[in-house]
Amino acid sequence: MFGYAWLMIAFPLIGAAINGFLGKKINNKKISGWLGTAMLAGSFATALAVFFDYQSRGLQGAERFVEVPGWTWIAIQGMSERYLHIDFALLIDPLSVTMMLFITGISMLIHMYSTEYMSHDEGLPRFFTYLNLFVAMMLILILGANIPMMFVGWEGVGLCSYLLIGFWYRNMENAKCGMKAFITNRVGDFGILIGLFMIFQQFDAYFRMHGMTEASALDFKDILLNANAVLSVMSPADALFIALFLFLGACGKSAQFPLHIWLPDAMAGPTPVSALIHAATMVTSGVYMVTRLNPVFSANETSGFIVACIGAGTAFMAATIALTQNDIKKVLAYSTVSQLGYMFLACGVGAYWVAIFHVITHAFFKACLFLGSGSVIHGMHEEQDTRHMGGLAKYMPITYWTFVISTFAIAGIFPLAGFFSKDEILWQVAIWDSQFKGAASFLYWLALFTALMTAFYMGRVTWKTFLGKPRWTAEFKKKHHHPHESHLPMTIPLMVLATMAVISGAILFTPGWMTGGEPREPLAHFLDVSAGGPEGLMLYAGGTGAMDAQIHGEHAEPAHGEDAGHGAEEAQGDGHAAHHEPFMLLGGSVTSTEMIMAFGSVLIALIMLILSNRRYTGDYDPKKKAAQKAFGPLYAFSYNKWYIDEIYNNILVRPGVWLSSKAWQIFDVRLIDGIVNGVAKVLGALGELIRPVQTGFVRNYMLYLLAGAVMFMLINMWSYLLGGAS
Amino acid sequence: MSSLLLIVTFLPLLAGLALLFVPNKEQSLPTVRATALWSSVVTFVLSLFLLPSFQSSSGLQFAIDVPWIPQWGVNFHIAVDGISIWLVLLNTLLFPLAILTSMQSVRLREKMYYILMLVLEAAVTGVFLAQDIVLFYVFFEATLIPMYFLIGIWGGQKRLYATTKFVLYTMVGSLLMLGAIIGLYVKASAAGYNTFDIPTLTSLIGDGSLVLDQQFQFWAFLAFFLAFAIKVPLFPLHTWLPDAHTEAPTAGSIILAGVLLKMGTYGFIRLAIPLFPDAPFMAIGPAGLANLRSIIMALSVIGIIYGALVAAVQVDVKRLVAYSSVAHMGFIMLGLFSFNQIAVDGAILQMVNHGISTGALFMLVGFIYERRHTRLIDNFGGLAAVMPVYYTYFLIIMLSSVGLPALNGFVGEFMILLGSFQEDWLMTLIATIGVILAAVYLLFMFRRVFFGEVTHAENRNLKDLNMPELVAITPLAVLTLVIGLFPTLFFRHITPSSEAFVSDVLTHADDDFETASTDINVEDGLGGFVSFNTNGGDL
C-alpha cells in the first residue's frame, strides 16, 4: 500500500553512496552539499506524501498499522516448523508517520545549513556522506516493522554518530569522544538485546501455544495486538525485567542517567551534527522505542515509576550542571539531557503521546538553538566560550532573535511551543493515578523546579552571548574586528525553525482552560492507536472488532470499529479531560487548577529569564567569579558534572584495564603457557634421552603417525580375531 | 556432480604436485605464482557450481563412496550437505585471496610456499567433505603438516616456538581422538557393523541399533572434545592461537582463522555430538550438579569475556585479532551446545562469518605490515588521513566483527544469543556483555591506529591500497553486507541439515529423560521454553 515509502530511505542512501564513492571525483563542495540536501528534500516530500495518503485512507483500528513488505531477512524454516521469521519491512502507523515528518523536515533544514557551515572544510563530501547515511538509519529506526529492524537503525545511527563526532579525527580528543559515545550506547544496546530475547521468549511461546503460525514474536504489530494477552500470562517479574532492560537501551540512546555521559562530549562534532543528532533526532529514539512498546511499560506500574524517576532525576541533574557551564554547546547539550528527562517522565506516567509531543516541539527549538550556536561559533571564528562573547546581538540580529525565541520556547513562555508540551507533562504527572501517587507529587515539584532552572540557564547563556559588553579576546579583535552574521543558507533554517518553535505547540494541542471546554488535541487523536490512547488500549487488549478481523482475516466493519472507539472513550474518559484528580486540587474545578498551574510555571520562567537578564548584562564580568565565590562547593559540584565521569573512570575503566592485563599475564602467560612449555620441556628432555641426535619435529610427528597406524592395525587384527572367535 | 566434488577437492593438490616439477629458478617464478593463483581460482569457480544443483532438503549429496581399505571397512566416502557446503565454499574462496596477498609479500622459497598452500587447501576441503572417520582423520591431520611449515619457515621472529606449540597442542588432542576412533570401531565391529562410515554410524546410533554404553560414550566424547576444542580453540585450551597467529605469515593467519578453526566446530557437528549423543547430557561432578554440555557452555562464555578483556590490553594488532577470535569462537560454541535450532543455525552461519571477517582483518593487518614491518599499535596513528581507502575497508570489516546490524556478524551473533537465551538465560546474559566488550577493544585499537595526528614520520607517505590488495579484500567486504542483508540465502540450505542434527540430539536428551537413569541431568535437555525465573540455576 505504501511501497513508495522505501524511497524515503533510498534517497539519502543514494546521496551517501554518490558522495561516498564519487565525492573526491566530483571535487566540488557546492555540488556535494546541495546533492545531499536535495536527497533530503526528496525524503521530506515522500514523507509528506505518505502522511497525506495515510490520512486520506481513513484507516481504522488495527488497520492503522500498515506493514510495507520488503524481503525476508532472517528466517529459519524447518521441515514443519517455523522457528524464526524476521522481515526487512516497514511499519507505517501514526507514530512512525509523526516521527518521519519532523525528522526528514528538520534534517533537510540542517543539510541546507551545513552546505554553508561546512563550506570551508576539505572533508565536506565525507561529511554529507555520513549525514545522509545517518538520516537513512534514523528512518530505518523509526520505520522498521520489528525490533531487529529497529535495532539496525538503532546501531546505524550510533555508528554515524561515532563517525560524525569524530569527524575532525586529527584531534585525538574528538576521536575519543566518538568512541565514548559508541561504547556507552553499546551498554544500552545490551539492554535492548536482553529485552528483545525476553520478548521473543514470551511472545513466541504464546503464539505457538495458540497456533498463531503467522504471527512473529518480534514484529511490532503482532506484539501490540497481542500485548495484553501475553503480558497477562507473564509473571510480573518478567514484565518488569523486560521493561527495565529495554529502558536501559533507551537510557543509552537518549542520554539518561547513568548513561548520559556521552552526550555532552558528543559536542566535539561539527555543530550541525549536534543539532541533527544530539538534539532533534537520534537522542529521541529512546522515547520513540518506549512509546512504540508502550504496553510493555504500562503492564507494570513499578516499571513506569522507575522510568518516571530516572526521567525526572536526569532532568534535574542535567539542569543543575547546565547552570555553570561556559561552553555554549555544553549548556545546550545538558539542556537536551534535561529535556529528554521530561520526555521520559511523561512516558513513565503513561502519557506517551505527550512525550512524543515534547519530542516534536523540542526538536524544533533545540535544533534552532544548536544551529544558532553554530551561527555564533561561525561568526566568532570558532569561539565557543561564552565568557569571550557578549554584545553579539548588534552584529547577528537574525541569529539573536531566533535564539531568543527558542530560549523563550524552551523556558515554557506562553504561547510558544515549549509551553504547551512542558506544561502538559507537568499536568500529566499531577493527575497520574497509580500506587505511586504520593511519590508523583514529589516528581511534580522536582520537574517544576527543573523548569525554573531551565529558564535561568537558558536566559544565562542567551544574555551572556548576545547582550552585555563585548568580552572578545584580543586576538579575535585584532584578526576579525567584529563578528558577522551568517549567510542565507544558514539563516533560513534558523527562521523556519524559530517559526515552528512558536507555532508547533498550539497547533498540535490546546488545553481545556484555553478552549473553554474540551481540550483540542489533534496529535493525541492521531497517535492514539500507537501511543496507548483509549483506542490503542482496546487494541492491545485484543477485544475489538478490528482485532477479530486481524485473526480471522476479515475486514472489520468501520462503523463497528468507530462505535467501539467512541464507547471506549466515554467509558475510559479522555486522559486529559481529567476525571482523575490532580494530587493537589487548589479548590474549584479541574480546569481552573490546570490554569493556575500553567500561569504559575510561566510566571516562574519569566522571573528567571528577567533575573538572568539582570545578572548577565550590564557590567557583568566573568573574571569576578561571583558565582564561584557565592556557592563554593555547590558550584564546583555542578561545574564538574557531579564528578560522574571521574567516578566511572575510577570504578570501571581503570580497574577493568588493570584486571584485563593481570588476567592475561597470570592466566595465559604464566599458568597455561607455563604448563604447556613445562610439558614441552619434559618431552624435549625425554626426546633427548631417547635420541641423542637432535631431530626435527616433523620427523617426530611422522613417528607418531606411524605408531598410531601400527596400533590401529594391531587393534584391528585383534577385533578380527574376536569376530572370528565368536 | 559427484565428480565435481572430487575435482574441487583434488585440483589444488594436483596443481601443487605439478609445481614440484617446475624448476627451482628465478625465471619460473611467474609460472609458479600463476599456477597457484589460477588453480585456486578455478577451484573456487568450480565449487560455485555445486550450488545450483544442491537440493537443500535431501541431506548428503554428490556422494562418492568407494572401498578404500575394504578389510577394515574404510571407504573413500565424500559428500556434501547444507552445512559443509558453505564451509567448502568459504575455503575455496579464502585460498585464492590468501594466495593473491601472498604474491605481494612472500619472497622466500616461493615454490615450496605455494605447494604447501595448495596441499593445505585440498586437505581442508577434504576435512569438510569426508564421510568416513578414517578419511576425516587423515585429512584432519594432513592439514597440520603444511601449516607447520608455513608458520615455521615463513613466520615471524618466534616462529619456531609458535609452530611447535601449535603442532604439540593439536597432536595431543588428535592422538586421543585416534584412540577413541579405534575404540568406536572395536565397539561397532563387535556389534556386527564393520564400518567407519559417518552417516551409517550416526544413524545406527541415532535410532538405537547400535548402543554404546555410557562409560564409553563419556570417555570417547571427551577425547573427541579435546581434539576439537583445541582446534576451536575453547578456553582454556587457546594459548597456542595467539602465538600461531602472531608469528604466521599473513596468508597463514587468514587460513588459520578463516577455515582451520572451523574444523573444530565442524568436528563437533559432524562427529563428536552425533556419535556420542548422550555424552553431553551425562551428569558429572559431585552430586551430578553439572554435565558436559553446561561445562562447555560455561567455558564458551568465559572465553567470550576473557578473550575480549585480554584483547583490549594487547599492543600488537595481530595478537589483538587473535584474542578476538577466541571470543568469537566462544559465541559459536555457545550456540552449538545450546542445541536450540535458532542458535545452532546462527552458530553455523557465524562459522562462515568469522572466517570472512577475521580472515579479512588479518589480511588488512598484513597489508600494513608489508608497508611498515611492524604490527604494534603504537607505531601507527592518524592513518585515516594517509590511507583513506584502507581506512574505509578496515572500518567496514571492523564493524562486521563488532556485530553491527545489517552486516554479517550481527546475524550470527544475534541468532546465537536469541536461541541460547531460550535455553539458558544466565549464560546468555553474560555472553551478551561480550557484545559490548567487542566494541571496546576493536574501537580502541581502531582509534589509535587511524585517528589523531600522524605521529611517526614513516607513516606520512604510506601508499594506499594497490590493485591486487583491493581485489583481495573487496569480495570479503561485499560479502559482509550480502550475508548481513540476505542471510536467508544461506539458511535455506543450512536449516534442513541442522534441523536433523538438533532433533537427533534432543531425541536423545528426551530419551535420557524418559529412562530417568540417575546420572542424567534432565533439565538441560528439554528444548522447550523454560521460563526466565526457573531455568539456569543448574549451573
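The values are calculated or read from the model by the stated rules, or taken from the named source; none is laboratory data. Keep in mind the model is a prediction, meaning the values are calculated, not measured. Glycine also receives a Cβ, built like all others from the backbone with ideal geometry; neighbour counts cover every protein chain displayed.
Listed values, structure above:
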quantity: Matching entry among A:Ile14, A:Ile18 (being farther than 30 Å from B:Gln341 by Cα, hydrophobic (A, V, I, L, M, F, W, C) and without any contact (Cβ under 8 Å) to a residue 24 or more places away in the chain); calculated: A:Ile18
quantity: Residue count, segment B:221-249 (criterion: out of contact with any Lys or Arg (no Cβ under 9 Å at 6 or more places or on another chain) and in a helix (DSSP H, G or I)); calculated: 11
quantity: Any pair with Cβ under 7 angstrom, 6 or more apart, that starts in segment B:393-418 at a residue that is in contact (Cβ under 8 Å) with a residue 60 or more places away in the chain and facing chain A (nearest Cβ under 9 Å) and ends at one that is outside any helix (DSSP H, G or I) and surrounded by fewer than 24 Cβ atoms within 10 Å (Cβ to Cβ); calculated: B:Phe410/B:Leu404
quantity: Number of the condition not met by A:Lys366 [criteria: (1) crowded, with 24+ Cβ neighbours inside 10 Å; (2) farther than 14 Å from A:Gln339 by Cα; (3) not acidic (Asp, Glu)]; calculated: (2)
quantity: Test: B:Val134 is assigned to a helix (DSSP H, G or I), at pLDDT 90 or above and within 14 Å of another protein chain (Cβ to nearest Cβ); calculated: yes
quantity: Test: A:Thr291 is polar (S, T, N, Q), under 13 Å from the mean Cα position of the chain (by Cα) and modelled with pLDDT of 90 or more; calculated: yes
quantity: 3 or more residues closer than 27 Å to A:Pro470 by Cα, touching a residue at least 24 places away in the same chain (Cβ under 8 Å) and among the hydroxyl-bearing types (Ser, Thr, Tyr): qualifying helices (runs of 4 or more DSSP H) within segment A:617-659; calculated: A:633-639
quantity: Where a residue in segment A:159-176 is touching a residue at least 60 places away in the same chain (Cβ under 8 Å) and facing chain B (nearest Cβ under 7 Å) and its partner, wherever it lies, is hydrophobic (A, V, I, L, M, F, W, C) and crowded, with 24+ Cβ neighbours inside 10 Å, with Cβ under 6 Å and at least six apart; calculated: A:Gly166/A:Ala175
quantity: Sole residue being of a type in the set (A, V, I, L, M, F, W, C), under 24 Å from A:Asp528 (Cβ atoms) and not in a loop (DSSP other than H, G, I, E, B), chosen from A:Ala275, A:Ala308; calculated: A:Ala308
quantity: Hits in segment B:485-499 (condition: at the interface with chain A (Cβ under 9 Å from one of its Cβ atoms), surrounded by fewer than 23 Cβ atoms within 10 Å (Cβ to Cβ) and in a helix (DSSP H, G or I)); calculated: B:Leu485, B:Thr488, B:Arg492, B:Pro496, B:Glu499
quantity: Residue in segment A:565-588 that is modelled with pLDDT of 80 or more, among the polar types (S, T, N, Q) and part of a helix (DSSP H, G or I) present; calculated: no
quantity: Single match in B:Ile342, B:Ile332, B:Ile295, B:Ile304 (criterion: under 22 Å from B:Ile433 (Cβ atoms) and either without any contact (Cβ under 8 Å) to a residue 12 or more places away in the chain or part of a strand (DSSP E or B) (or both)); calculated: B:Ile295
quantity: Any hit, segment B:321-333, residues being of a type outside the set (Ser, Thr, Tyr) and at positive phi; calculated: no
quantity: Some residue of segment A:480-493 being within 24 Å of A:Ser406 (Cβ to Cβ), modelled with pLDDT of 80 or more and under 26 Å from the mean Cα position of the chain (by Cα); calculated: yes
quantity: Test: residue in segment A:30-50 that is away from chain B (no Cβ under 14 Å), under 29 Å from B:Phe486 (Cα atoms), aromatic (Phe, Trp, Tyr) and assigned to a helix (DSSP H, G or I); calculated: yes
quantity: Unique residue being touching a Lys or Arg at 6+ places or on another chain (Cβ under 9 Å) and touching a residue at least 40 places away in the same chain (Cβ under 8 Å) when the list is B:Gly434, B:Gly452; calculated: B:Gly452
quantity: In segment A:16-72, residue surrounded by the fewest Cβ atoms within 10 Å (Cβ to Cβ) [restricted to those that are closer than 24 Å to A:Leu224 by Cα and aromatic (Phe, Trp, Tyr)]; calculated: A:Trp71
quantity: Residue identified as modelled with pLDDT of 90 or more and not small (Gly, Ala, Ser) among B:Leu462, B:Leu437, B:Leu443, B:Leu418; calculated: B:Leu418
quantity: Given (1) closer than 24 Å to B:Phe281 by Cα; (2) within 14 Å of another protein chain (Cβ to nearest Cβ), index of the condition B:Gln217 fails; calculated: (2)
quantity: Residues located in segment B:419-443, provided they are farther than 30 Å from A:Arg82 by Cα and more than 7 Å from every other protein chain (Cβ to nearest Cβ); calculated: B:Leu437, B:Ala438, B:Tyr441, B:Leu442
quantity: Tally, over segment A:70-79, of residues that are without any contact (Cβ under 8 Å) to a residue 40 or more places away in the chain and either more than 7 Å from every other protein chain (Cβ to nearest Cβ) or touching an Asp or Glu at 6+ places or on another chain (Cβ under 8 Å) (or both); calculated: 5
quantity: Subset of segment B:38-55 (residues that are closer than 14 Å to B:Val88 by Cβ and either of a type outside the set (Val, Ile, Thr) or loosely packed, with under 13 Cβ neighbours inside 10 Å (or both)); calculated: B:Ser40, B:Phe44, B:Val45, B:Leu46, B:Ser47, B:Leu48, B:Phe49, B:Leu50, B:Leu51, B:Phe54
quantity: A:Arg471 being of a type in the set (D, E, K, R) and either in a helix (DSSP H, G or I) or buried (at least 24 other Cβ atoms within 10 Å of the Cβ) (or both); calculated: no
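Residue-wise test of (1) surrounded by fewer than 24 Cβ atoms within 10 Å (Cβ to Cβ); (2) of a type outside the set (Gly, Ala, Ser).
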position	(1), (2)
B:Ile377	yes, yes
B:Ile416	no, yes
B:Gly419	no, no
B:Gly434	no, no
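Quick grid of which residues meet (1) over 22 Å from the mean Cα position of the chain (by Cα); (2) in a helix (DSSP H, G or I); (3) basic (Lys, Arg):
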{"site": "B:Phe444", "(1), (2), (3)": "yes, yes, no"}
{"site": "B:Gly452", "(1), (2), (3)": "yes, no, no"}
{"site": "B:Leu465", "(1), (2), (3)": "yes, no, no"}
{"site": "B:Leu476", "(1), (2), (3)": "no, yes, no"}
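One line per residue, one yes/no per condition, for (1) free of Cβ contacts under 8 Å to residues at least 12 places away in the same chain; (2) within 11 Å of another protein chain (Cβ to nearest Cβ); (3) surrounded by fewer than 23 Cβ atoms within 10 Å (Cβ to Cβ):
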| residue | (1), (2), (3) |
| --- | --- |
| A:Asn185 | no, yes, no |
| A:Ile199 | no, yes, yes |
| A:Tyr206 | no, yes, yes |
| A:Met209 | yes, yes, yes |
| A:Ala217 | no, yes, no |
| A:Ala229 | no, no, yes |
| A:Pro236 | no, yes, yes |
| A:Ala250 | no, no, no |
